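Following: one structure in C-alpha cells, then a few remarks.
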Amino acid sequence: MTEVKEFLEVYAEQTPNPETMKFVFNRMILPDDSADFPTRESAAPSPLAKNLYEFNFVNGVFIMNNFVTVTRSEGAAWDEIIPIMREFLKSYVEAKEPILLKSKKTVIGDYGADNVTVAKIIDVLDTYVKPAVEVDGGMISFKSYENGVVTVEMKGSCSGCPSSTVTLKRGIEGMLQRMVPEVREVIAEAL
C-alpha cells in the first residue's frame, strides 16, 4: 500500500512590524506552545531556530502553533528573503526535523487576594487579545499583576514593532480597564 504524503504549504504574511515577516504553515508545527529566540545565542533549545540563524539576514525567530516569525537584519530585502525562507521552512518541516528540544510552560503563581483579578486579566488576554496578536505574528503573555499594574511580555513581531506601544496603551490597556476595573495600567516587560 502506498503512503499518501500530506501536502505542506508555507506562505508569507506581512506583520505590522516592517522588520518581521510571518511564515504560515497549513499544519501545526508547535501546537499550543511558543518559543522566542531574539538572539542567535538564545536559539540553542531549537534546532529550527539555530538553522534559521545560519542565514545572515535573520535577526530574530519566534515560533508558535502554525507559524514562524522571522525578523530581518538591517538592509535585507523581503523580496529576496521570502522565497528562500519559504523553501527552507517547507523542506525542514517535510523532513520532520525537530522544532524544539524542550518546552517550558508558564506557571501562574499564587497572587493571594488578587487571584480573582488575575484570573479575569488572563481570561481577557486569552480570549480577546492573544488571538488578535497572533494573527499579526506575535504573542502576548501575562507576567504579573501588582497594585493595579499588569505587566505583559510581547514576543515575535510585537517585539520592537513601532505600533506595539500604541496597541498596548490604547488597545490592550483600554480593554482591560473596561473589563477588569481593578486595572490601572498595562506595561510591557523589557526584553
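The values are calculated or read from the model by the stated rules, or taken from the named source; none is laboratory data. The model shown is predicted, which means the values in this text are computed figures rather than measured ones. All Cβ positions, glycine included, derive from the backbone under ideal geometry; neighbour counts span all protein chains shown. Side chains included, ligands, DNA and RNA excluded: accessible areas come from the protein's heavy atoms. Shrake-Rupley method; radii C 1.70, N 1.55, O 1.52, S 1.80 Å.
Would segment 118-140 turn up any residue that is within 13 Å of F23 (Cβ to Cβ), modelled with pLDDT under 90 and open to solvent by less than 60 Å² (accessible area, probe 1.4 Å)? Yes - at least one qualifying residue is present in segment 118-140.
Is it the case, given these coordinates, that V166 is within 25 Å of Q14 (Cα to Cα) and more than 17 Å from the chain's Cα centre (by Cα)? Before you say what the answer is, go through the steps one by one.
Working: within 25 Å of Q14 (Cα to Cα): yes; more than 17 Å from the chain's Cα centre (by Cα): yes.
Against the criterion (within 25 Å of Q14 (Cα to Cα) and more than 17 Å from the chain's Cα centre (by Cα)), V166 qualifies.
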